[in-house]
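Asker: Have a look at the structure that comes next, please.
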Amino acid sequence: SSGINAEYGGRHNEVLTEDDLPPDLYHALQSNALVSCEKLLTMPLLDFMDLTCLPLTQIKFIQSVASKKLCPTMQTVSQLQFSTECSFGSYKLDSTFKELLGTGSLLEVWGAAGVGKTQLALQMCSVLPPARLSAYISTEGNIPTNRLFDICAARGIPNANCHIQTCSTIESFSDIIMRQLPLLLTLKPVRLVVIDSIAAPFRAGEIDGVRRAQKIRSIGQQLKYLAAHFNILIVVLNQATDNPVTGKQPALGLTWAYLVNRRLMMQKIEVEGEVGSRVVSVDKAPCIKTGTCVDCKIQAEGVI
């Protein structure tokens, strides 16, 4: 986890002073011991609002000032103008599900193990413009970088500009989402963030039900805030779990389900004489009819 921390050098001790802000805003921060630039940029939005009782517009102004002081030679990603949208890396998927690729939002992709979720996420990273970065956070062990290289080679792409981070515990995952990722988004032109997967830390960790639900909500709210604040797309891969009534369903239950309003499901299908056939369908979306689907196939280039 040293990669993100190293990005901003020794400026992590920067603090805001009364010369940086209007007196009323500085007093609101000082009275709550919130003058650290790093803390101001990484604190979850709801906690920030609860502590200071400030409106969202003023909080964004404070964070903009903190961002410039922490790294005065760079802009926040939310200030950059992007000319190219994110892509699934597949014409069929893009043409059917393009409304789900809008920046400022979360997109969940779920399905059984081995269905191709990771391959889809890797190809999304591979097709970003060269000037843009993706951040790939894996909670399920090492990222299959060889497959990423194969996808790039098959598509004639020299390389994927992808920042890779791994973690395995709830604590390390939470630290990345709450502290490290906001700093990376502040300092680098990240366009796409992939979480692979959201469920793994919670399935492996020893944690009681109440605290588990609180952690899921906190991380989910932070991801939604980061997507909106930095105007990026965050793709969250999720595992499948068994439901005795409905069959397969996304992991983490209703606690997580209420945080996401855009969801795709990937499934294997049997097609005579073919290998790697898949169907991707809308499981939940505000702008596309549920059940809308696309047949695709896993090839050298990815999910096509």
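Asker: Only bridges with both residues in the chain count here: give the DSSP antiparallel percent, nearest 5.
Answerer: Beta bridges within the chain, antiparallel portion: roughly 40 percent.
Asker: Between residue 39 and residue 112, with labels modelled 7 Å along Cα→Cβ, what's the label distance in nm to one decimal, could you check?
Answerer: My value for the distance between the label points is 4.9 nm.
Asker: So which residue, out of 225, 91, 136, gets the largest mean-square fluctuation from a GNM of the chain using Cα contacts under 10 Å as springs?
Answerer: For the chain, modelled as a Gaussian network with Cα springs under 10 Å, the answer is 91.
Asker: Still on this structure, please answer the following. Work through the residues other than residue 42 whose Cβ is under 12 Å from its Cβ and net out their charges, Lys, Arg +1 and Asp, Glu -1.
Answerer: Spelling it out: positives minus negatives among the neighbours equals -1.
Asker: Answer with one residue from 195, 261, 93: the one whose Cα lies farthest towards the positive end of the charge dipole of the chain, charges on Cβ with Lys, Arg +1 and Asp, Glu -1.
Answerer: My answer, from the dipole projection, is 93.
Asker: Could you please report the charge total around residue 298, scoring K, R as +1 and D, E as -1 over all other residues with beta-carbon less than 10 angstrom from its beta-carbon?
Answerer: Spelling it out: positives minus negatives among the neighbours equals +2.
Asker: Place a point 7 Å from the Cα of residue 203 along the Cα-to-Cβ direction; which residues of the range 106-122 have their backbone N under 18 Å from it?
Answerer: Flagged as within label range: 108-121.
Asker: Restricting to Cα pairs below 8 Å that are 6+ residues apart, what does the relative contact order work out to for the range 173-286? Please round to a whole percent.
Answerer: Over the range 173-286, the number comes to 24 percent.
Asker: Where Lys and Arg each count +1 and Asp and Glu each count -1, what net charge lies around residue 114 among other residues with Cβ under 12 Å from its Cβ?
Answerer: In short, +3.
Asker: Which residues' amide hydrogens lie under 5 Å from the amide hydrogen of residue 166, considering only partners 5 or more residues apart or on another chain, with H built in the peptide plane?
Answerer: 138
Asker: Amide H of residue 278: which non-local residues (sequence gap of 5 or more, or other chain) have their own amide H closer than 5 Å, using H built in the peptide plane?
Answerer: Those lying under 5 Å, H to H, from residue 278 are 269, 296, 297, 298.
Asker: A further question follows. Which one, 64, 168, 95, has the greatest fluctuation when you compute a Gaussian network model over the chain with C-alpha springs under 10 angstrom?
Answerer: Result: 95 has the largest fluctuation of those listed.
Asker: Identify all aspartates and glutamates with a Cα-Cα distance to residue 117 below 15 Å; exclude those on the same chain that are fewer than 8 residues away in sequence.
Answerer: The reachable aspartates and glutamates, counting only those whose Cα sits under 15 Å from residue 117, are 108, 140, 196, 283, 295, 301.
Asker: Provide the per residue accessible area, probe 1.4 Å, for the chain, rounded to a whole number of square angstrom.
Answerer: Computed with neighbouring chains in place, this is 46 Å² per residue.
Asker: Would you mind checking the range 267-291 for residues with the amide N under 12 Å from a putative spin-label position 7 Å along Cα→C-beta of residue 246?
Answerer: 283-284
Asker: Still on this structure, please answer the following. How large is the helix-only mean residue ellipticity at 222 nm for the chain, computed as the sum of -39500 (n - 2.57) over DSSP H runs with n ≥ 4, divided by its residue count, in deg cm²/dmol to the nearest 500?
Answerer: About -10500 deg cm²/dmol.
Asker: Something else now. Anything over 20 Å Cα to Cα? Flag those among 39/68; 92/297; 98/215; 68/188; 39/224, in the order listed.
Answerer: As for pairs spanning more than 20 Å Cα to Cα, those are 98/215.
Asker: Quick one: what are the phi-derived ³J(HN,Hα) couplings along the range 238-251, Karplus 6.51/-1.76/1.60 with θ = phi - 60°, whole Hz, x for glycine and proline?
Answerer: Working through the residues one at a time gives 9, 7, 9, 9, 7, 10, x, 9, 9, x, 6, 8, x, 5 Hz.
Asker: Next up: Percent relative contact order of the chain, based on C-alpha pairs within less than 8 angstrom and at least six residues apart?
Answerer: Value for the chain: 23 percent.
Asker: Given points 7 Å out from each Cα along the Cα-Cβ axis, report the residue 92 to residue 287 separation in nanometres with one decimal.
Answerer: 2.3
Asker: Now for a different question. With a 1.4 Å probe and all protein chains left in place, how much of the accessible area of the chain comes from carbon and sulfur atoms, in whole percent?
Answerer: Using a 1.4 Å probe with all protein chains present, the chain comes out at 51 percent carbon and sulfur.
Asker: Say we join alpha carbon atoms closer than 10 Å with springs in a Gaussian network model of the chain; which of 90, 31, 105 then has the biggest fluctuation?
Answerer: 31
Asker: Amide H to amide H, which residues 5 or more places from residue 284 or on other chains are under 5 Å from it, using H placed in the peptide plane?
Answerer: Result for residue 284 returns 263.
Asker: Oh, and also: Just reorder 196, 20, 295 by solvent-accessible area, largest first, 1.4 Å probe, all chains present.
Answerer: 295, 20, 196
Asker: Separation between the residue 228 and residue 279 pseudo-spin-labels, each 7 Å from Cα along Cα→Cβ, expressed in nm?
Answerer: For the pair residue 228/residue 279, the computed spacing is 3.5 nm.
Asker: For 15, 193, give me the order by solvent-accessible area with a 1.4 Å probe, most accessible first, ignoring ligands, DNA and RNA.
Answerer: Output order, biggest surface exposure first: 15, 193.
The values are calculated or read from the model by the stated rules, or taken from the named source; none is laboratory data. Values in this document were obtained by computation on a predicted structure and should not be read as measured data. Every residue, glycine as well, gets a Cβ built from its backbone with ideal geometry; the counts of neighbours run over all protein chains shown. Side chains are part of the model used for accessible areas, which takes the heavy atoms of the whole protein and leaves out ligands, DNA and RNA. Shrake-Rupley method; radii C 1.70, N 1.55, O 1.52, S 1.80 Å.
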